[in-house]
Amino acid sequence: MGIFIQILLVLLTLLGVGIIVYTRNIVHAAYALCLALVGIAGIYVILMSELLAVVQIMLYAGGVVILLAFGVMMTNRLRGDKVISGSNNALIGAIISLSLFSALAYLISNANFRTANIDHNDQIREIGISFLTEHIVAFELIAFVLLVALVGAAYLAKMAGDE
Amino acid sequence: MISFVFYLAFLLIFVVFAVYAERKTAAFIQNRLGPMEVGPKGILQTIADLLKMLQKEDIRADAVDLIPFLVAPFIVFAAVFTGYSVLPINEVVGGSGISAGVFFLLAVVSLDVLGILMAGWASNNKYSLYGAMRSVAQIVSYEVPLGISVLCVVIISGTLDLSQMSANQSHGLLSWHIVNHPVLIIPFIIFFIASLAESNRTPFDLPESESELIGGYSTEYSGFRWGMFMLAEYGMMLLLSILGAVMFFGGWSSPIDDFGTGPIWGSIWLLSKALILIFVQMWVRWTLPRLRVDQLMSLSWKYLTPLSIVMLFICALWKLWIIS
Amino acid sequence: MSYFGNISVAAKTTWKGMLLSIRYFFQARKRRKKEWIGEDNYFNKANGTFTVQYPHEQIPIPDHGRYQLHNEIDDCIVCDKCAKICPVDCIDIEPVRSPEVFGQTSDGTPLRIHAAKFDIDMSKCCFCGLCTVVCPTECLTMTKEFDFTTTDILDHNFSFSKMTETEIAEKKQEFEEYQEAKLKAKPELPAIKKEVDVMKKPTSKPVFKPRIPKKK
């Protein structure tokens, strides 16, 4: 049963990714991206990492993809254009993506993954505690970067409003 | 699994009677009688409407983007209904035991925006697209105060698991969060307002506003697919009301300490608390007029979000000094 | 308005509105009484549900209600005054003269003309009541009947004549024979035809033109 669900989730993810690559309709690609991200979240659940799965759904599927689709709709449809992507720079694109893929594959195959020893029923508490003790600097730094981004966005919005 | 099946059946029955209750509430507030003809006091009116709706043709306009158009209603409903998986029914039948609990609920429920966006875009109709745009802007904005007000409760109760949260409040009225920790009254009001906005109910029904957008994203839908949107809207109402009942009003626990315990009483208590909250939602709907888009945004970003952040701070202090 | 002023105004007005509507919600236990417009508290109906479930119940209407037209054809002398005064031409009368007085109305007016056709098209009627005012025998009245809904608009044409086709033909025949006999007796007086013409409505109505004083 477990392995069956796992295969199903992988197929779902691959379907989503395949649609992203082969469709020329950008809006369809955004929907398929959401499908792929939900599939990956499912794989996280199978790997006993609920928190990561929930964060994946909330931030990527529920936040980023929706803003992406929203942006695409705002720009093109309102001007009356068709939302179709072309295929330009095929050679350079192929070279860049192949080298990126091989670099990632090399890194991942050579990486030494450690398994953290945490209680799965209480992982949120443990992750939270480790954020605020062991990884406090990284945590605060990210918070600070987000704050700067927020202030910057508000400032840009205000400038646009003044004109 | 049991809770999932229970809530599916309950939701379907609930929708039939909630539509009737909604029409009757509206009628009584407006000095009218509401449906009176089908069945005694019109109680079978919704069933007649349902039969009519199911027989309608599933219209697909020529210019729609077919696959997203057909799939969108099911995505909206699936997203809303997945949220029910973590809700408990009583002390015996809890929801899915994932530790992220209420966080998971908020995450999957936010996916219904995707279905709404799909419906509005695929309809290839400017009113639908405007409706979908408004809906996304609204739901994304109101998720912030909603999430923070839920966070206040999580801080106070110290758990994300809704079954655990209800179990903490199961010692009579005085142990309910909103009574035991009066600091949660303002987060509850924020939660309630944001839940109205999340389920696209008046006064935040801009995405569908019949009078200007003729139904918004559901304009091009008919028959069963339109019914799915309706089901999802009422499902969202019920979901957030049950969530509110669990987080603030003690979930399945009875108001009197030892009276009415046990699984059956527990589910009755939980559902009746949720239904009272739904009545308040209807009452609000037939009292307040619809907000403008700019008022909607300023309510969320200028008033509710800062207030909820302040309340988060106060709740943290309360947890530090009063509870511990 | 200040930030906190906004909040307090919003909270106060929302609270007030919510209290108002819940009051109405609980008042819905009461129903409005079936009172007619003449009663003193007819307009004080803000309390309780206002709906009248029409086909099942009605507000009583006064006996002198002026809605559907009714013609008591036995009392009608077919004078054609109602058809002439009607501003929307909804009354259609076809008279058949009789050689002699053939009856009496209930107020004693002698009957000389048969009503071969007395149709009132209620879908045209504007309910002004002028026809009832001019009626000399007061046979044409407005009744308290107001629900004359039909599925076919032609059914809105109410026919009051009781005469059958054969009766009409018979009476016409009778009058023509009488006229011919009269013509034979006095061939130099064909004045009756003229009288029949008088019964008809003038084809064009007098037009009133407002006089607008010219500017100097």
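The values are calculated or read from the model by the stated rules, or taken from the named source; none is laboratory data. This structure is a prediction, so every number in the text was calculated from the model and none was measured. Methodologically, a virtual Cβ is constructed for each residue, glycine included, from the backbone with ideal geometry; neighbour enumeration extends over all protein chains shown.
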Subset of the stretch B:118-127 [within 11 Å of another protein chain (Cβ to nearest Cβ) and either part of a helix (DSSP H, G or I) or among the basic types (Lys, Arg) (or both)]: B:118, B:120, B:121, B:122, B:126
Candidates C:194, C:209, C:214 - the one that is surrounded by fewer than 12 Cβ atoms within 10 Å (Cβ to Cβ), of a type in the set (D, E, K, R), modelled with pLDDT under 80 and closer than 24 Å to residue C:115 by Cβ: C:194
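Yes or no, residue by residue, for (1) within 12 Å of another protein chain (Cβ to nearest Cβ); (2) in contact (Cβ under 8 Å) with a residue 60 or more places away in the chain; (3) farther than 25 Å from residue C:3 by Cα:
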| site | (1), (2), (3) |
| --- | --- |
| B:275 | no, no, yes |
| B:286 | yes, yes, yes |
| B:291 | yes, yes, no |
| B:304 | yes, yes, no |
| B:310 | no, no, no |
Subset of the stretch C:93-126 that is of a type outside the set (Ser, Thr, Tyr) and under 13 Å from the mean Cα position of the chain (by Cα) - its residue that is surrounded by the most Cβ atoms within 10 Å (Cβ to Cβ): C:120
Criterion (within 12 Å of chain A (Cβ to nearest Cβ), within 30 Å of residue B:271 (Cβ to Cβ), part of a loop (DSSP other than H, G, I, E, B) and not polar (S, T, N, Q)) met by exactly one of B:115, B:97: B:97
Every pair of residues 6+ apart whose Cβ atoms lie under 9 Å, when the first sits in the stretch A:136-163 and is farther than 18 Å from residue B:302 by Cα and in a helix (DSSP H, G or I) while the second is of a type in the set (Phe, Trp, Tyr) and at pLDDT below 90: A:138/A:131; A:139/A:131
Verdict on residue B:186 being surrounded by fewer than 23 Cβ atoms within 10 Å (Cβ to Cβ), away from every other protein chain (no Cβ under 14 Å), within 20 Å of the chain's Cα centre (by Cα) and under 25 Å from residue B:249 (Cα atoms): no
Inter-residue pairs, beta-carbon under 8 Å, first touching a residue at least 40 places away in the same chain (Cβ under 8 Å) and in the stretch B:125-149, second surrounded by 20 or more Cβ atoms within 10 Å (Cβ to Cβ) and acidic (Asp, Glu), 6+ apart: B:125/B:220; B:128/B:220; B:131/B:208; B:139/B:112; B:139/B:198; B:142/B:198; B:143/B:198; B:146/B:198
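Out of the residues in the stretch B:65-93 that are surrounded by 20 or more Cβ atoms within 10 Å (Cβ to Cβ) and not in a helix (DSSP H, G or I), which is farthest from the chain's Cα centre (by Cα)?
The qualifying residue farthest from the chain's Cα centre (by Cα) is B:90.
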Residue in the stretch C:25-43 that is within 27 Å of residue B:276 (Cβ to Cβ) and either away from chain B (no Cβ under 11 Å) or modelled with pLDDT of 85 or more (or both) present: yes
Residues (more than 30 Å from residue B:300 (Cβ to Cβ) and surrounded by 13 or more Cβ atoms within 10 Å (Cβ to Cβ)) located in the stretch C:1-30: C:27, C:28
Single residue of A:57, A:84, A:5, A:40 found to be modelled with pLDDT of 75 or more and either in contact with a Pro (Cβ under 9 Å, 6 or more places away or on another chain) or loosely packed, with under 14 Cβ neighbours inside 10 Å (or both): A:5
Count of the stretch B:11-38 residues which are part of a loop (DSSP other than H, G, I, E, B), facing another protein chain (nearest Cβ under 10 Å) and closer than 20 Å to residue C:24 by Cα: 6
Unmet criterion (only one of (1) surrounded by fewer than 21 Cβ atoms within 10 Å (Cβ to Cβ); (2) within 28 Å of residue B:270 (Cα to Cα); (3) hydroxyl-bearing (Ser, Thr, Tyr)) for residue B:142: (1)
Some residue of the stretch B:162-170 being in a loop (DSSP other than H, G, I, E, B), under 19 Å from the mean Cα position of the chain (by Cα) and either more than 14 Å from chain A (Cβ to nearest Cβ) or crowded, with 24+ Cβ neighbours inside 10 Å (or both): no
Residue under evaluation residue C:64, criteria (1) touching a strand residue (DSSP E or B) at 6+ places or on another chain (Cβ under 9 Å); (2) surrounded by 11 or more Cβ atoms within 10 Å (Cβ to Cβ); (3) touching a residue at least 60 places away in the same chain (Cβ under 8 Å), criterion not met: (2)
Condition check for residue B:146: touching a Phe, Trp or Tyr at 6+ places or on another chain (Cβ under 6 Å), within 13 Å of another protein chain (Cβ to nearest Cβ) and either closer than 29 Å to residue B:95 by Cβ or not in a helix (DSSP H, G or I) (or both): no
Test: residue in the stretch B:39-62 that is over 15 Å from residue B:233 (Cβ atoms), without any contact (Cβ under 8 Å) to a residue 60 or more places away in the chain and at the interface with another protein chain (Cβ under 9 Å from one of its Cβ atoms): no
